[in-house]
Amino acid sequence: MTNRQETQSTPVTREVLSERVKDRILTWILEGELEPGSRIVETRVARDLGVSQAPVREALRDLAILGFVEMKPHKGARVRKPTREELTEAIEVRAELEALAGRLAAERRTEECLTDLEELYAAMDEAADRGDAHDQALNNTRFHARIVKAAHNDTLYRQWSMLEPFSRTYVTASVPGMDLHWLSRRHAPILEAIRSKDPELAAQASREHAAQAAVLLEGLDRTPEGATKD
């Protein structure tokens, strides 16, 4: 993400810098580089990312609100693993937010928006071809973020952004051997509904898409077509 040279040469607001730091710490947590219970030292993170301690402290506070970090007075911050119940609740709420976003995006999308979504969909599939789960997940996030942005509702975007990390958590926690092509192509119904400017179909496709995450998280015996438990 950001480094010392980038921080010095590219002016960024404190809020944007904090978001970048939060994303990097979250990635470390989700990819297992920071294990549950491990201590997060502000000075070390600041040094590694080439930033001051202020954006690190703000990032940790945000992650504590989300439930990924536990902060105690005089003891600093430690990694906290959200419970399955917390993840399921977040996905349920996210499903409704994305249904609203899909409906609004289908009504308000531009040709530029549609082009962006098609390119991000292709990027997910290309990452799957390479077996690059990390890049696939990043483009997955960008795809959904583009839809929420296309809704042109700032309140919706703020609320969705708070819950977005939980979607990456469910992918990270899903069963080994998950078919990355299936994860990519399950976005096709949403894309087609928005392309067709069908608000109700876009809402339904978005809600069903998020609901599938809960099914995966719960580890149900039935596996969606295309997925594998090998």
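Of note:
- Förster-model FRET efficiency, 30 Å R0, Val93 and Arg142, C-beta, rounded to 0.05: 0.90
- Placing a label point 7 Å from the Cα of Arg39 along the Cα-to-Cβ line, the residues of the range 52-76 whose backbone N sits under 15 Å from it are 70-76.
- Estimated FRET transfer efficiency (Glu107, Ala54; beta-carbon r; R0 30 Å; 0.05): 0.15
- Proximal charge balance of Pro199 [Cβ under 10 Å; K/R count +1, D/E count -1]: 0
- The alpha carbons of the range 38-95 give a radius of gyration and a Dmax of 13.3, 38 Å, in that order.
- Under 28 Å from Lys197, Cα to Cα: lysines that are on another chain or at least 8 residues apart: Lys149
- Annotation: extensible slack from Ala211 through Asp179 equals 9.7 nm (criterion: 0.36 nm per residue apart, minus Cα-Cα distance).
- Computed log10 I(q)/I(0) for the range 26-128 at 0.20 Å⁻¹: -1.02, from the Debye equation with unit scatterers placed on every C-alpha and solvent omitted.
- For the range 131-147 versus the range 85-109, the inter-centroid distance based on Cα atoms is 16 Å.
- In this calculation the C-beta distance from His74 to Glu31 is compared with R0 = 35 Å, giving a FRET efficiency of 0.75.
- In this structure the amide hydrogen of Val69, modeled in the peptide plane, comes within under 5 Å of the amide hydrogens of Ala64, Arg80, none closer than 5 places in sequence on its chain.
- Peptides 42-51, 205-214 ranked from most to least packed, by the mean per-residue count of other Cβ atoms within 10 Å: 205-214, 42-51.
- Each of Arg47 and Ala64 was given a label point 7 Å from its Cα along the Cα-to-Cβ line. The distance between the two points is 2.3 nm.
- Charging the Cβ of each Asp and Glu at -1 and of each Lys and Arg at +1, and nothing else, the dipole of the range 9-114 about its Cα centre rounds to 600 debye.
- Packing-based order for 159-165, 141-147, 71-77, using average beta carbon neighbours within 10 Å, highest first: 141-147, 159-165, 71-77
Any read-out appearing in this document is the output of simple, stated calculations on the displayed coordinates, not a laboratory observation. Note that the structure is predicted; figures quoted are calculated from it, not measured. All Cβ positions, glycine included, derive from the backbone under ideal geometry; neighbour counts span all protein chains shown.
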